[in-house]
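Working notes for the structure below.
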Amino acid sequence: MSPTVLTLALAVAAALSASPADSLCDEAARLFFNRHLAPGNLDSAYRLLAGVRATDPANERCLYLWSRLHVQLGDLAATGSEKLALYARARAVAETLRAVNDANPEGHMWWVAAHGRIGQTQGVMNSLFMVPTIKRELNRVLELDPRHATACDAFGVLYYELPGIVGGNLRKSEEYLVRGLTIDPNYTLLRLDLARVYVRQKRWAEAREQLDALCATTRPTFPADFELDDRPEALKLLAEIRDR
């Protein structure tokens, strides 16, 4: 038995000795959010969640993680068709979570994440047609949980990416991103996105401040995102604006 399989088997055995579905979801979350630490962590998280889906299909935590994991798989996919299939799966799972409990903000949040990526993959016009629905769902997330930092980031990115003629607004983008950082200063993607807003406004010193703070984060909320995406992107952007 390989070390990865043995580790997974031990994790499953330990989890089953407690509360099966919740413990398995906890272990899957640990593996997923620390997927940078070992090559097999993402696959192991997938297998654990697939097992919970088979035995407890209405488990809300599993549905949230299962949707989020499929968004991640879509981001990693090599082709547009593969991305669309995985994002569609993520959206369908989020729809199931909304049906199970419409008051769970994660169902709305990860529906938005998957739906928005489908629009981006299909092209600009498709994305623009989705904007009213995305705004409605993000407002629903913040209605259910006013301290939902991911929804703040999503709103910030939306107002950053939209053309001004159809509602883009850098001031609103900054407001949402700063609000998110007030909620969770260790959510490093918020700092990266805020730095991008400042770069577009040519507020170079403030952009560097956010990027430096990002790179200095010692306890990121989502460690794998920090190590694999946010910190490398921050270093790249810092190099581009260092002398501005």
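The table below lists the values:
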{"read-out": "Test for L211: is it within 23 Å of H108 (Cα to Cα) and either of a type outside the set (K, R) or surrounded by fewer than 24 Cβ atoms within 10 Å (Cβ to Cβ) (or both)", "value": "no"}
{"read-out": "Selection count where residues are among the charged types (D, E, K, R) and farther than 28 Å from A239 by Cβ, scope the stretch 147-174", "value": "2"}
{"read-out": "The stretch 31-46: number of residues that are part of a helix (DSSP H, G or I) and either hydroxyl-bearing (S, T, Y) or exposed (fewer than 15 other Cβ atoms within 10 Å of the Cβ) (or both)", "value": "3"}
{"read-out": "Complete set of residues in the stretch 72-107 that are of a type in the set (S, T, Y) and surrounded by fewer than 19 Cβ atoms within 10 Å (Cβ to Cβ)", "value": "T79, S81, T96"}
{"read-out": "Residue match in the stretch 97-106 (condition: under 13 Å from the mean Cα position of the chain (by Cα), among the small types (G, A, S) and more than 15 Å from L158 (Cβ to Cβ))", "value": "no"}
{"read-out": "Hey, Y64 assigned by TED's automatic domain parsing to the domain that holds A29 and assigned to a helix (DSSP H, G or I) or not", "value": "no"}
{"read-out": "One residue from A54, A78, A92 being assigned to a loop (DSSP other than H, G, I, E, B), free of Cβ contacts under 8 Å to residues at least 12 places away in the same chain and not acidic (D, E)", "value": "A78"}
{"read-out": "The lone exception for L69 - which of (1) surrounded by 17 or more Cβ atoms within 10 Å (Cβ to Cβ); (2) of a type outside the set (V, I, T); (3) modelled with pLDDT under 95 it fails", "value": "(3)"}
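Quick grid of which residues meet (1) farther than 26 Å from V131 by Cβ; (2) not hydroxyl-bearing (S, T, Y):
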position: T182; (1), (2): no, no
position: R191; (1), (2): no, yes
position: A195; (1), (2): no, yes
position: A205; (1), (2): yes, yes
position: D212; (1), (2): yes, yes
position: P220; (1), (2): yes, yes
position: D225; (1), (2): no, yes
position: D229; (1), (2): no, yes
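The rows are residues; the columns are (1) within 30 Å of A103 (Cα to Cα); (2) surrounded by 16 or more Cβ atoms within 10 Å (Cβ to Cβ); (3) among the hydroxyl-bearing types (S, T, Y); (4) over 19 Å from the mean Cα position of the chain (by Cα).
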| site | (1), (2), (3), (4) |
| --- | --- |
| P146 | yes, no, no, no |
| Y159 | yes, yes, yes, no |
| Y198 | no, yes, yes, yes |
| A224 | yes, yes, no, no |
| L235 | no, no, no, yes |
| A239 | no, no, no, yes |
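Rundown of residues vs (1) farther than 19 Å from H115 by Cβ; (2) surrounded by fewer than 16 Cβ atoms within 10 Å (Cβ to Cβ); (3) of a type in the set (S, T, N, Q); (4) under 14 Å from the mean Cα position of the chain (by Cα), yes/no style:
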site: P185; (1), (2), (3), (4): yes, yes, no, no
site: L190; (1), (2), (3), (4): yes, no, no, yes
site: L194; (1), (2), (3), (4): yes, no, no, no
site: T218; (1), (2), (3), (4): yes, yes, yes, no
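The values are calculated or read from the model by the stated rules, or taken from the named source; none is laboratory data. Bear in mind the structure is a predicted one, so any value in this text is a computation, not a measurement. Methodologically, a virtual Cβ is constructed for each residue, glycine included, from the backbone with ideal geometry; neighbour enumeration extends over all protein chains shown.
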